[in-house]
Amino acid sequence: MIRPSDIERKKLLLNAVIPVLFVAFLWAIKLIETGFQLSFVSYGIDPMHLRGLRGILFAPFIHGSLKHLFNNSIPLLILTWACFYFYQNISWRVLFFIWIFSGLGTWLIGRPAYHIGASSIIYGLFSFLFFSGIFRKNTRLAALSLLVIFLYGSMVWGIFPDFNRQKNISWEGHLSGALTGLVLAVIYRKKLVFEEEKTEEPEDIGDDFFYFRYMPVRDDFLKKSKPVIHIKSYKIKENDTEGTPRNSPPKQQLKKPEITYQIKRK
């Protein structure tokens, strides 16, 4: 029998695979660039130039230095994992749209320079996770929003040009990513992102007493399986206690129904 704790543990690990591989790929690119003394900066976003459009796809893979990549790795890993874990049904679409539209926004409003780095994706994920939890009014997702703002709340200053005194910081990319995340949070505010546990209290109907509790299996490999629930009903027999002998058997006690779960795999 598969326990819910085992399923959640497996989900934690499975949803961390893509973020870990992505960050590892970024480091591999930077090590190749450094080891062979190459420069991929020209593949970044060059605003308002047709050639610079290729940077929409390639810019997040390119970083100016090891320090630049290190500063982006931890928030990128955490925020990407949070998106895949808590928004599993729409995570790929959210990541794709943030990638494309944050890059496109940078190409439209950016200064005449090469804009590189994954910070636009970080700001997009940060904005999406924060606003989505607020819009949905879901306790679990609202708690995630508070955690995100607690860990990376200072990032909000990165979208304003006056707070970026260093000329090599692309506030345009930060702003484009944050706006894209906000728009996506609005668009997907009513989209189902995970199946919540459903519990129905016992319901008394006439002389029959039914107890029902259903916990859906939320693991990806069991999505197509259907739990078959066998419910036993118990009929309450009223015994008239008036006028019965003192040694008569006690009144029948109500027992909790037995529920078994069977998973039918296709």
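Observations on the structure shown:
- Odd one out for Ser120, checked against (1) of a type in the set (Ser, Thr, Tyr); (2) in contact with a Pro (Cβ under 8 Å, 6 or more places away or on another chain); (3) surrounded by fewer than 24 Cβ atoms within 10 Å (Cβ to Cβ): (3)
To keep it simple, each residue is scored yes or no on (1) surrounded by fewer than 16 Cβ atoms within 10 Å (Cβ to Cβ); (2) under 24 Å from the mean Cα position of the chain (by Cα); (3) hydrophobic (A, V, I, L, M, F, W, C); (4) assigned by TED's automatic domain parsing to the domain that holds Ile122.
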position: Ile56; (1), (2), (3), (4): no, yes, yes, yes
position: Ala59; (1), (2), (3), (4): no, yes, yes, yes
position: Ser65; (1), (2), (3), (4): yes, no, no, yes
position: Asn72; (1), (2), (3), (4): no, yes, no, yes
position: Leu77; (1), (2), (3), (4): no, yes, yes, yes
position: Thr80; (1), (2), (3), (4): no, yes, no, yes
position: Tyr87; (1), (2), (3), (4): no, yes, no, yes
position: Phe96; (1), (2), (3), (4): yes, yes, yes, yes
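- Qualifying position, being surrounded by fewer than 19 Cβ atoms within 10 Å (Cβ to Cβ), over 20 Å from the mean Cα position of the chain (by Cα) and either at pLDDT 85 or above or not assigned by TED's automatic domain parsing to the domain that holds Ser42 (or both), among Pro161, Pro216, Pro227: Pro227
- Residues that are surrounded by fewer than 17 Cβ atoms within 10 Å (Cβ to Cβ) and without any contact (Cβ under 8 Å) to a residue 60 or more places away in the chain are absent from region 41-48.
- Considering region 61-88, and only residues there that are in contact with a Phe, Trp or Tyr (Cβ under 7 Å, 6 or more places away or on another chain) and of a type in the set (S, T, N, Q), the residue that is farthest from Glu8 (Cα to Cα) turns out to be Thr80.
- The residues on offer are Leu26, Leu66, Leu57, Leu53, and the sole one that is of a type in the set (A, V, I, L, M, F, W, C) and modelled with pLDDT under 95 is Leu66.
The values are calculated or read from the model by the stated rules, or taken from the named source; none is laboratory data. What you see is a predicted model, and the numbers here were worked out from it, not measured in a lab. Because the Cβ atoms are built from the backbone with ideal geometry, glycine has one as well, and the counts that use them run over all protein chains shown.
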